[in-house]
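Q: Structure provided below as structure tokens; questions to follow.
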Amino acid sequence: MNRRNRTMSFVWVLLVLAAHMWGRGFGPVAWVLLGLQFLVYPHVAYFVAVRSKNQMRTEFGNMLLDGLMFGIWMAALRFPLWPSYTLFICAAINMTVFRGAAGALLAAAVIACGTLLGAAVFGVHTEPATGPLTTSLSIATLSLYLLVVAKDAYARSLMLFQTRQQLRAKMEEVLALQQRLQEQSTQDPLTGLFNRRYLVEAMERELSRCARAGLPLSILLVDIDHFKRINDAFGHQSGDAVIVHLAQLLRQHARAGDVVCRYGGEEFLLLCPEMPQAAALERAQQYRTSLAAQPLQVGDASIPMTLSAGVATFPEHGDSAEALIRSADEALYRAKGLGRNRVELAGLSG
Ligand SMILES: Nc1nc2c(ncn2[C@@H]2O[C@H](COP(=O)(O)OP(=O)(O)OP(=O)(O)O)[C@@H](O)[C@H]2O)c(=O)[nH]1
């Protein structure tokens, strides 16, 4: 319980007990004790708690002490019904907020101990009747107390809700960041195509899948012809634009299951699961003719370009990623040697 609520509730209870004690012949010692208990003690308990190393434990100890002393007051005042009930329920609610149902039972236990202690000191007397002022004050105190507890519960659930919202927003941020990092680790920043690291994983996976299913798998190794000349003639930026242009073309004609990746500077690799050799050759030719037919317009310059490609198919040209890439690379090298702007099929392996 916070300091303000604790201090206030003790003042209300003080009023209830004072109303009951008034006119019943209690001497100055009883009034001083009442003041010490309900006006001074809450502040002392608070300071002890905030200075303690384990604040929660000390605060719990304070609550047990509250209950014990409330029991003594009940016995000392001869168990007046409304004030006793007010003391009991306030202590029980406090400890329930703190420890749940077990807290309520503990409150009942310490209050019982307090009443026994009080009875031992002051004797066992019961005078349950209370005057109308005490009764009204008790009802008002209880009502106020319950309203304060309800208001605190509302503030806490609101805070919990806001914390959850913030946590959710943070989680979304973290997930988006994670996804971006994941993309960055598998994507080529210039073209947005997959990078070589992703290809290695995808190729192993698709090769074993196709091998298990007895299906073919083709790869196309594509390289822009005389790219150095394009860079030299039109500048590095135009060279980049050419790379992006070819990347778009490759992606545009790829099927859903194909993996298009930037394999090196101006070199691309298409992984085409379930694609037989003839279809792969046809696809490579399609890329070659499309690129040659569309010179890229960069500013005023029209950049003509062609590509060479090497095609290799599993299982004819290799049964591992490494062997297939080697075969496609040899075919590409042959295409370059034979004058470029052409597609070559890998030689049979073994
Ligand atoms: N603009 C640009 N140039 C790049 C990039 N990556 C590599 N290059 C350049 O690409 C050129 C590749 O040149 P080469 O390997 O000699 O090949 P080529 O000129 O295409 O000749 P062939 O492949 O034999 O037809 C080099 O000059 C690299 O600097 C890039 O991301 N952007």
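Every number in this text was worked out from the coordinates using simple rules, so none of it is lab data. This structure is a prediction, so every number in the text was calculated from the model and none was measured. Counting neighbours? That spans all protein chains shown, and the Cβs are built from the backbone with ideal geometry, glycine included.
Q: What ratio of Cα Rg to 2.2 N^0.38 Å holds for the stretch 3-161?
A: 1.04
Q: Right, another one. Given the Cα atoms of the stretch 196-345, and with Rh set as the inverse mean 1/r over their pairs in the Kirkwood sense, what is Rg to Rh to two decimals?
A: 0.99
Q: In the stretch 216-253, which trypsin sites (Lys or Arg not before Pro) fall in coil by DSSP and have 14 or fewer other Cβ atoms within 10 Å? Let's see the in-between values first.
A: Details: sites: Lys228, Arg229, Arg251; in loops: none.
The qualifying sites: there are none.
Q: Only helices at least 18 Å long along their own axis, judged from Cα atoms, and with Kyte-Doolittle mean hydropathy of 1.6 or greater: name those in the chain from DSSP H.
A: Values: long enough: 3-21 (26 Å, 0.61); 55-76 (31 Å, 0.52); 81-99 (26 Å, 1.07); 101-122 (31 Å, 2.17); 132-186 (80 Å, 0.07); 196-213 (25 Å, -0.75); 236-252 (24 Å, 0.11); 277-293 (24 Å, -0.44); 321-337 (24 Å, -0.28).
Those that pass (Cα extent of 18 Å or more, hydropathy at least 1.6) are 101-122.
Q: Note the direction-averaged projected area, equal to a quarter of the hull surface, for the Cα convex hull of the chain, in nm².
A: Values: hull surface 127.5 nm².
Mean projected area for the chain: 31.9 nm², to one decimal.
Q: Would you calculate a helix-derived [θ] at 222 nm for the chain, using -39,500 (n - 2.57) for each DSSP H run of n ≥ 4 and dividing by the full residue count, to the nearest 500?
A: -23000 deg cm²/dmol
Q: A further question follows. If each of Glu127 and Leu175 carries a label point 7 Å out from its Cα toward its Cβ, how far apart are those two points in nm?
A: For the pair Glu127/Leu175, the computed spacing is 6.8 nm.
Q: Report the gain in length on full extension from Arg4 to Gln184: 0.36 nm times residue separation, minus Cα-Cα distance, nm rounded to one decimal.
A: Computed gain between Arg4 and Gln184 is 59.4 nm.
Q: Return the long-range amide H neighbours of Met275 (sequence gap of 5 or more, or a different chain), with a cut-off of under 5 Å between placed amide H atoms.
A: When sequence neighbours closer than 5 places are left aside, the close amide H contacts are Leu217, Ser218.
Q: Find how many whole Å separate the alpha carbon centroid of the stretch 52-82 from the alpha carbon centroid of the stretch 264-315.
A: Between the Cα centre of the stretch 264-315 and that of the stretch 52-82, the gap is 85 Å.
Q: Taking the beta-carbon count within 10 Å as an exposure proxy, list Val174, Val343, Val149 from fewest neighbours to most.
A: So the ranking, lowest neighbour count to highest, is Val174, Val149, Val343.
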